[in-house]
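Worksheet for the structure shown next.
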Amino acid sequence: MIDIGDEQSLEDDLSTFSSHLNNLKNILINSDENSLVLLDEIGTGTDPTEGSALAAAVLLKLRDNGSLVLASTHHGSLKIIANDEHKFINAAMEFDHEQLKPTYKFKLGVPGSSYGIRNCQKDWNR
């Protein structure tokens with residue numbers, strides 16, 4: 001099961017966030033111990049505090065359902081949950097700080113960081 005990308009629809013009056021909520025509702029209803037769930041940028045499309053709280057509740061419920069979940073996020077609070085909660089683990093993709101490029105090396109047990117501001121600063125200095 002997946003929630004990846006943006007499925008907003010003017011025809012169905014769906015915002016980005018309501019589209020994600022719809023996907024998450026269906027995933028929660030149908031997931032179990034035989035499910036693989038992929039969630040890209042869970043909790044985005046709304047107020048960051050509310051989005052991260054909702055994302056935490058969804059991830060905890062999926063864990064309790066026994067599902068295997070791979071979720072990406074920029075929410076720091078979710079990285080803390082992954083560090084503190086049973087059956088959660090952080091992971092990141094390594095980043096070359098000198099070249100400001102991804103190395104595409106996977107690092108298990110380490111929370112990732114966002115480098116959007118740093119990349120902008122480099123561009124502004126040109």
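Readers should treat all values here as calculations from the given coordinates under stated rules, not as data from a laboratory. Computed from a prediction, not measured in an experiment: that's the story for all the values here. In this analysis, Cβ positions are derived from the backbone assuming ideal geometry, glycine residues included, and neighbour counts consider all displayed protein chains.
General remarks:
- You can think of it this way: the chain between ASP64 and SER113 has 14.9 nm of extra reach, that is 0.36 nm per residue less the Cα-Cα gap.
- Using the Cβ of LEU62 as centre and a radius below 15 Å, the other residues enclosed give a net charge of -2, where K and R count +1 and D and E count -1.
- Taking 0.36 nm per residue of sequence separation and removing the Cα-Cα distance, the GLU94/THR16 pair yields an extension gain of 25.2 nm.
- Cβ crowding within 10 Å ranks THR16, THR44, THR73, THR49 as THR49, THR16, THR44, THR73, fewest other Cβ atoms first.
- Gyration tensor verdict on segment 2-89 (Cα atoms; rounded if a/c is under 1.5, prolate if a/b is larger than b/c, oblate otherwise): oblate
- Counting DSSP beta bridges with both ends in segment 1-111, the antiparallel % (nearest 5): 50 percent
- As a length-normalised measure over Cα pairs under 8 Å and 6 or more apart, the relative contact order of segment 2-89 settles at 27 percent.
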